Structures are given as structure tokens and as C-alpha cells.
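To keep things clear, I will list the structure first and then write my remarks on it.
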Amino acid sequence: MNPRLKKGLIVAVLHLAIVGSLGVKLLVDRATRPRVWARTGPIDPDSPLRGRYVRLRVEGEPIDFGDASDIPVRLTESNGLLALTPASGNLTARVSTRDGRRVATLDQPLAFFIPEHVPDPSVRAPGEELWVEVTLPKQGAPRPIRLAVKKDGVLTPLDLD
């Protein structure tokens, strides 16, 4: 075997191992870490460079925030929904009031990629809310799994295939 070809194959195998290990880590996290639903607000549905996606502002219940309005947070689960608690780290959230109750919104939006043939799921009829199911990793931003619409208190996952 040609030495250059051998080196090239070794580099290719190393690249595949690195990418594969990341994929395995994400699958293990999805199987072992909490999965919760969070209310979202869409920001931007398209980017010519990244493909078709919906940028989502993720909301959760603020726990033990006091009067703080923009602080580092940790993601937790509360009754199957996203909750945010003060902690050190790189995720930050703002607290605001919506419909008479306090909500915490992550400062960093999530990108949820959608197929080309699917209508923009962020365009909702009056009375409908867009929600996202996410995996809560030990550190870092939540990882989106699927979108749903909440209408009259009922969450219905969207079929985006």
C-alpha cells in the first residue's frame, strides 16, 4: 500500500472516530438525561448559509431568581417542563412577566433545522403556541428534539418529516 494512501486512510478513520464519538455522546445524553418541554418564540426562520431552520427563544420557569433579571442559569426539570435556576456557567437568562406570571427566557436562541418541503412551523394561528422538546445536558444549552403546538392546553407534536 502506498504510504500516502495509508496516512490518508488513518486520518479518515480518526475523523470518523471523532464524529462518531460525538454522535454516540448525543445519543447517550438523549437516552439518559431529562427531556422536557419548553414554550418558545420564533426569531428567524431561514438562513441561506445554514439551510432552513427556526431560531427559538426558549422559556422556562424561573426558580429562586429573586429580583435578578439577567443572570447565569442552570437548566432543570419541573413537572416535565423547563425550569431555570441561578448557577455559575455560560448560559444566561432574562426574567420578564408575561400574562401576569414570571418567565425566564434564555439569552442564547436555539436553532431547530427543518426540511425544505415543510411549511414554516413558527407561523401559528391565533391561540396556538410553539413549544419545543429538549434534552437537558449536564452543561450547556438545551438540545432540541422536536416541535409541538399547544392549543387549549394540549400539546400536539408536529410531524416535520
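The values are calculated or read from the model by the stated rules, or taken from the named source; none is laboratory data. Here the structure is a predicted model, which means the values were calculated and not measured. So basically every Cβ, Gly included, is an ideal-geometry build from the backbone, and we count neighbours across all protein chains shown.
Does Gly89 fit the bill of being touching a Pro at 6+ places or on another chain (Cβ under 6 Å), of a type outside the set (Lys, Arg) and not in a strand (DSSP E or B)? So Gly89 passes the test.
Residue-by-condition table, conditions (1) assigned by TED's automatic domain parsing to the domain that holds Lys151; (2) touching a Leu at 6+ places or on another chain (Cβ under 8 Å):
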position	(1), (2)
Lys6	no, no
Val13	no, no
Ile63	yes, yes
Pro86	yes, no
Val103	yes, no
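Between a residue in the range 1-30 that is closer than 29 Å to Gly140 by Cβ and any residue that is modelled with pLDDT of 85 or more and of a type in the set (Ser, Thr, Tyr), which pairs come within a Cβ distance under 6 Å, given they are 6 or more apart or on different chains? Close Cβ pairs (under 6 Å, with a partner that is modelled with pLDDT of 85 or more and of a type in the set (Ser, Thr, Tyr)) amount to Asp29/Thr135; Arg30/Thr135. Determine whether Glu116 is of a type in the set (Asp, Glu), under 17 Å from the mean Cα position of the chain (by Cα) and closer than 18 Å to Arg55 by Cα. In short, no.
Go through the residues of the range 145-155 one by one and say whether even a single one is in a strand (DSSP E or B) and out of contact with any strand residue (DSSP E or B) (no Cβ under 7 Å at 6 or more places or on another chain). Yes, because at least one residue in the range 145-155 is in a strand (DSSP E or B) and out of contact with any strand residue (DSSP E or B) (no Cβ under 7 Å at 6 or more places or on another chain).
Name every residue in the range 110-144 that is assigned to a strand (DSSP E or B) and surrounded by fewer than 18 Cβ atoms within 10 Å (Cβ to Cβ), in order of residue number.
Going residue by residue through the range 110-144, those that are assigned to a strand (DSSP E or B) are 110-113, 128-135, 143-144.
Matches in the range 110-144: Ala111, Phe113, Glu128, Glu129, Arg143.
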